[in-house]
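Reading through the structure tokens given below for one structure.
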Amino acid sequence: MPLNREQATLALDEPVSRVRLVSPARARALEKLGIRTVRDLVTHFPRSYIDLSAVETVAGARIGEMCTIRGTVHEIKLKKPKRNLSLVEIALLDETGLLMVTAFRQPWLMDQIKAGDAVAVSGKVSFDYGFKRMTNPFIEVLGEGQTVTGSVVPVHPATEKLSAAWVRRIVANGLELVRGAFDPLPLGLRLRYRLMSRDAALQAIHFPELRAEADEARRRLVYEELLYLELFLMQEGAARAAGCEPTAHVVDGGRLRAFADALPFALTGEQERARDEILEAMAAPSTANHMLLGDVGTGKTVVAGFALAAAADSGGQALLLAPTEVLAEQHHKGLGALLEAAGVSHGLLTGSTTASERAAMLELFAAGELDVLIGTHALLSDDVQPAHLTLAVIDEQQRFGVDQRAKLLAKGEAPDALYLTATPIPRTLALALYGNLSLSYIKHRPHDKVQRTTKVLSKQDQGFAFDAAREALARGEQVYVVCPLVGCSSEERDEKAAGKSSAADAAGDEAYHPAVAIDAETDFDAADVTAATKEAQILQNSTFSEYRVELLHGGMGTEAKQDVMERFRAGEIDVLVATTVIEVGVDVPNATVMIVEDADRFGLAQLHQLRGRVGRGEKSAEVYLVSASKREESLARLAAMETTDDGFELAAYDLSLRREGDILGNRQHGASGLKLVNIMRDGAVIEAAHKDAQAILDLDPNLEEPDHRALAREVRLAFKNESTIAGG
Ligand code: ADP
Ligand code: MG
């Protein structure tokens, strides 16, 4: 019935409040998950599945492994071990034994479950205080009113207000509304790769009958996401280049040479090569698209400085975009001094620049009287209008979405683009994901001979770390103590991770690192996280009483943050107790010891970023990862940090650890249109989509043919937040 198909198709873009059971209050709660439309809802994919058919007995369940256990509730109790923390403990019996189930911060379970109920719990089994135990497992009450029909239960990302079970129910209602909608993928492509229809795929990824069906559905949806991404990138590139005159930069000008002379050190061979490759791309009379890949601490910033100087030498202007204020300020200080010496004028623009300063700066920039503007997301604002932008540099580019990149580049006529990243991306993937790209790699740190050791310590042995810190302090060096986030629950972090990159922007410096998976390891309760605030006080009064201890966290005001960083840099603060605000890019070479508390609560990529803060100078450095965890898996994961100091190796290891369920929905990319793609795993699909998109656009550059109109619409919707792509 064509009318129904039409209606179903239109329903995709109606507000989520159309869906049965979604009240206005719940619509608001859904909005916090980034769900506004029915489309957002039906693409709110499960983050994992629980296979109820793989049932174990308590006796048979193996410690450290995921499994499902069915049993009868013997007893259920609500406890409050700490203020602000509720804990439900369930004693579950099956014919073979007793399983203790602990659920943090889910007091509502008391209303849903009572003694005598038959339930299934699914999660990782541990052994504690003499019992087999599951902490925060998935819990399903069996019997009447059971929402799960098949033996595979999807687990949707949820929040404190919206339980996974409720999300599951309304996703099902949402699917009803859009059943029968047109499939935007041309039939030819679907046949070639034997892809399910979108309708079937959406149903199957949310509610598979069998686990394998979800995989097939994912295959279809991943391909679709990637095809849209590729089409977007290519059209975007073409639009950018159309009628534009790319700049052939002058790369041996006076300012560039003055910049080189101002450097306090000699470049390493790798840095020189990267610099030359970048300058070569900039000198060519075509739009450069260059990515500089190098592990943390390899010295990418100064290499980018040469590019900024070359832009100025060529009569052009440049933007340097950084993901956090701390980082933007640091670039402004560090590079700023060198740029000054080279006669390149520059300014700093962040969310906290005062209105009058901002207006003055933007006026100069618009008049072409300011060469370089360094800043945060504030640079993306529409009123940042350079007179003649010829270069855009994006630092820590993995932190930005495709749309944000596009927005920055749209500020000039085909400006050259330089991306800096510490995320290891294989060459072919980089090509597919970023269009026609040239690449430079830096593998070694400038002070590569300088030792950096990493040691994992149990909580009892934390004293060793403090001893090492005190020795370093006695030598006049500085120390970081890193604590998990202040006043931010794991759910909030999940939400941020699930939200678009603009949400991360609004959230400020503590934007979740996209390379860190939303995995079970980090899915814990916030209330028992060591509060950095308290920690700083305790350390000041005890271990480091004769030194100056201060606190830095994302919740602080910008000025306060600036002030603390400033004084740490100047050596007026000895011990900086910080949250992951310092995770990216912060550069204080005199800091030589880092102690990470509750290290098991961080992802490996994030720990690697963190430890990149020390060992940046000529002195050797020590990193201590303190963990109270006894779980073998956590300890093995941390041990990898001891074994290798190489970010690429670590990323490969991290990937090898992830299970199917953990990978699903893991966003490494941060692009707004990508929900399922994992750039490490989906390499082959990325390449296929790249070729297919190219072939489609070769024949039909504006996607005007009947077969392609639906594609054009999908691409527009997937990347609707940016403005430069021509409508059609
Ligand atoms: P990243 O690649 O992580 O962005 P940075 O650009 O912040 O690294 O550089 C790390 C540190 O190394 C900085 O303190 C920087 O000044 C220093 N550095 C960079 N290049 C050299 C070099 N050739 N010799 C000595 N120190 C260098
Ligand atoms: Mg950097």
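Observations on the model:
- In the range 373-396, the residue that is surrounded by the fewest Cβ atoms within 10 Å (Cβ to Cβ) out of those that are among the small types (Gly, Ala, Ser) and touching a residue at least 12 places away in the same chain (Cβ under 8 Å) is Ala387.
- For Glu618, the requirement of being in contact (Cβ under 8 Å) with a residue 24 or more places away in the chain, more than 15 Å from Phe466 (Cα to Cα) and more than 16 Å from ligand 2 (Cβ to nearest atom) is met.
- Among residues of the range 269-280 that are farther than 14 Å from Leu256 by Cα and touching a residue at least 60 places away in the same chain (Cβ under 8 Å), none has a Cβ under 7 angstrom from a residue that is small (Gly, Ala, Ser) and in a helix (DSSP H, G or I) at a sequence gap of 6+ or on a separate chain.
- The range 62-82, residues that are buried (at least 20 other Cβ atoms within 10 Å of the Cβ), modelled with pLDDT of 90 or more and out of contact with any Asp or Glu (no Cβ under 6 Å at 6 or more places or on another chain): Ile76
- From the options Gln404, Gln398, residue that is within 16 Å of ligand 2 (Cβ to nearest atom), within 23 Å of the chain's Cα centre (by Cα) and of a type outside the set (A, V, I, L, M): Gln398
- Within the range 408-428, being buried (at least 18 other Cβ atoms within 10 Å of the Cβ) and under 29 Å from Asp654 (Cβ atoms) holds for Ala417, Leu418, Tyr419, Leu420, Thr421, Ala422, Thr423, Pro424, Ile425.
- Residue satisfying condition, being over 26 Å from Gly615 (Cβ atoms), surrounded by fewer than 23 Cβ atoms within 10 Å (Cβ to Cβ) and within 16 Å of ligand 1 (Cβ to nearest atom), within set Asp261, Asp252: Asp261
- Filtered residue count, the range 344-372, keeping only those that are touching a residue at least 24 places away in the same chain (Cβ under 8 Å) and acidic (Asp, Glu): 2
- Exclusive hit being of a type in the set (Lys, Arg) and free of Cβ contacts under 8 Å to residues at least 60 places away in the same chain, set Arg427, Arg399: Arg427
- Within the range 105-125, the set of residues being assigned to a strand (DSSP E or B) and surrounded by fewer than 19 Cβ atoms within 10 Å (Cβ to Cβ) comprises Ala118 only.
- Top-ranked residue in the range 296-316 [being modelled with pLDDT of 95 or more and in contact with a Lys or Arg (Cβ under 6 Å, 6 or more places away or on another chain); ranked as nearest to ligand 1 (Cβ to nearest atom)]: Val303
- Condition check for Ala432: aliphatic (A, V, I, L, M) and either touching a strand residue (DSSP E or B) at 6+ places or on another chain (Cβ under 9 Å) or within 16 Å of ligand 1 (Cβ to nearest atom) (or both): no
- Condition met for Leu293 (surrounded by 20 or more Cβ atoms within 10 Å (Cβ to Cβ) and modelled with pLDDT of 90 or more): yes
- Verdict on Thr644 being within 23 Å of Phe464 (Cβ to Cβ) and hydroxyl-bearing (Ser, Thr, Tyr): yes
- Candidates in the range 360-412 are the residues that are charged (D, E, K, R) and within 16 Å of ligand 1 (Cβ to nearest atom); of these, the one that is nearest to Arg255 (Cα to Cα) is Asp395.
The values are calculated or read from the model by the stated rules, or taken from the named source; none is laboratory data. Quick caveat, the model's predicted, so the values are computed rather than measured. Cβ coordinates were reconstructed from backbone atoms using ideal geometry, including for glycine residues, and neighbour counts include every protein chain displayed.
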